[in-house]
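Here is the structure we will look at, set down as structure tokens.
Values quoted throughout were computed directly from the atomic coordinates according to the rules given, and no laboratory measurement underlies them. As the structure is a computational prediction, the values presented were derived from the model and not from experiment. Neighbour counts run over all protein chains shown; Cβ positions are idealised from the backbone, glycine included.
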Amino acid sequence: MDRTARLVVLVSGSGTNLQALLDACADPTYGARVVAVGADREGIEGLARAERACVPTFSRSVSDFETREGWDSAMATLVERFEPDLVVSAGFMKLLSTDFLGRFLTLNTHPALCPAFPGMHGPRDALEHGVKVTGATLFVVDAGVDTGPIVAQVPVEVAEDDDVASLHERIKTAERAMLVDAVGRIAREGITVEGRRVRIGGRDR
Ligand code: GRF
């Protein structure tokens, strides 16, 4: 990406990953800026964070559409308006269609070390399995659930007295740093995806 990369960030909740990106983008040398924040629901802190940062927002709920495809297509139309170089799904709790993913290079963060513990409960499942190390993964979204080509990963040790909340909070701290670092490098140096292999720095897009 030769100029400041345009990011559209999708959120469903507290938006601390979004906030980390907004904070990073305040530095002109970072190489990216958040041009819009989209959500699948109203009244969430993620949207409030965007509004406080004077970033345009949009939100469409699946329940307002007759079909899931209708919702997905409306989201794609809204995203398109902001001409993103990259879409970042940061705590966005909806799967996107292959049509959407074909139109926009979309990254997602997951609070586990993929391919372990995909799905909605990464920290809980890691804790229940008794692993000693878990972490977070940034990946290129594909048609599966947390299955796409891996961009970056960060390990986090599981403490003996961890519960799901304490473990997830520690993962999120590492996850935010990983996200900010990887998105900045992608913005400045580009990204190449060949099959399952992802390289930052080989300028492709
Ligand atoms: C993150 O851990 C993300 O990986 C998971 O939900 C959390 C979202 O946190 N899917 P936030 O909304 O960015 O604070």
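Report for the chain the percent antiparallel among DSSP-assigned beta bridges with both residues inside it, nearest 5.
For the chain, the DSSP antiparallel bridge percentage is about 45.
Taking θ = phi - 60°, what integer Hz values does the Karplus form 6.51 cos²θ - 1.76 cosθ + 1.60 yield along the range 177-194, in sequence order, with x for Gly and Pro?
In residue order, the calculated couplings are 5, 4, 4, 4, 5, 5, 5, x, 5, 4, 4, 7, 10, x, 9, 10, 10, 10 Hz.
On a C-alpha basis, how far is the centre of the range 71-110 from the centre of the range 131-202 in Å? Whole number, if you could?
Answer, in whole Å: 18.
Give a quick list of GluC sites (Glu not before Pro) in the range 138-192 that DSSP marks as loop, anything other than H, G, I, E or B, with at most 13 other Cβ atoms within 10 Å.
Of the GluC sites (Glu not before Pro), the ones in loops of the range 138-192 whose Cβ has at most 13 other Cβ atoms within 10 Å are Glu160.
For every other residue with a beta carbon closer than 13 angstrom to the beta carbon of Met93, add +1 if it is Lys or Arg and -1 if Asp or Glu, then tell me the sum.
Around Met93, the charge tally is 0.
Going by the alpha-carbon gyration tensor, a ≥ b ≥ c the square roots of its eigenvalues, is the range 1-104 rounded (a/c under 1.5) or, if a/c is not under 1.5, prolate (a/b greater than b/c) versus oblate?
oblate
Using the number of other C-beta atoms within 10 angstrom as an exposure proxy, rank His110, His121 with the fewest first.
Ranking His110, His121 by Cβ neighbours within 10 Å, fewest first, gives His121, His110.
Assign one of three labels to the chain, namely rounded, prolate or oblate, based on the Cα gyration tensor with a ≥ b ≥ c the square roots of its eigenvalues; rounded applies when a/c is under 1.5, prolate when it is not and a/b is larger than b/c, and oblate otherwise.
rounded
Starting with the fewest neighbours, write out Val198, Val180 ranked by other beta-carbon atoms found within 10 Å of each beta-carbon.
Sorted ascending by nearby Cβ count, the order is Val180, Val198.
Calculated FRET efficiency, Glu194 and Val133, Cβ-Cβ r, R0 30 Å, to nearest 0.05?
Working from the Cβ atoms, E equals 0.60.
Okay, helix-only estimate at 222 nm for the chain: each DSSP H run of n ≥ 4 adds -39500 (n - 2.57), divide by all residues, round to 500 deg cm²/dmol; what do you get?
It comes out at -11000 deg cm²/dmol, rounded to the nearest 500.
Would you mind getting me the FRET efficiency between Thr173 and Glu69? Use the beta-carbon distance for r and R0 = 41 Å, nearest 0.05.
Computed FRET efficiency for Thr173 and Glu69 comes out at 0.65.
Only Cα pairs under 8 Å and at least 6 apart count here; give the relative contact order of the chain as a rounded whole percent.
20 percent
Please list, in chain and number order, the residues 5+ apart from Ser59 or on another chain whose amide H is under 5 Å from its amide H, with Hs placed from the backbone.
Ala39
Compute the signed sum of charges (Lys and Arg +1, Asp and Glu -1) over the other residues within less than 13 Å, Cβ to Cβ, of Met120.
With Lys, Arg at +1 and Asp, Glu at -1, the neighbours total 0.
Give the residue list of GluC sites (Glu not before Pro) in the range 1-86 that are DSSP loop and have at most 13 other beta-carbon atoms within 10 angstrom.
Counting only loop positions with at most 13 other Cβ atoms within 10 Å, the GluC sites (Glu not before Pro) in the range 1-86 are Glu42, Glu66.
Label points 7 Å out from Cα along the Cβ direction at Thr77 and Asp27: separation in nm?
Between Thr77 and Asp27, the simple spin-label model gives 3.9 nm.
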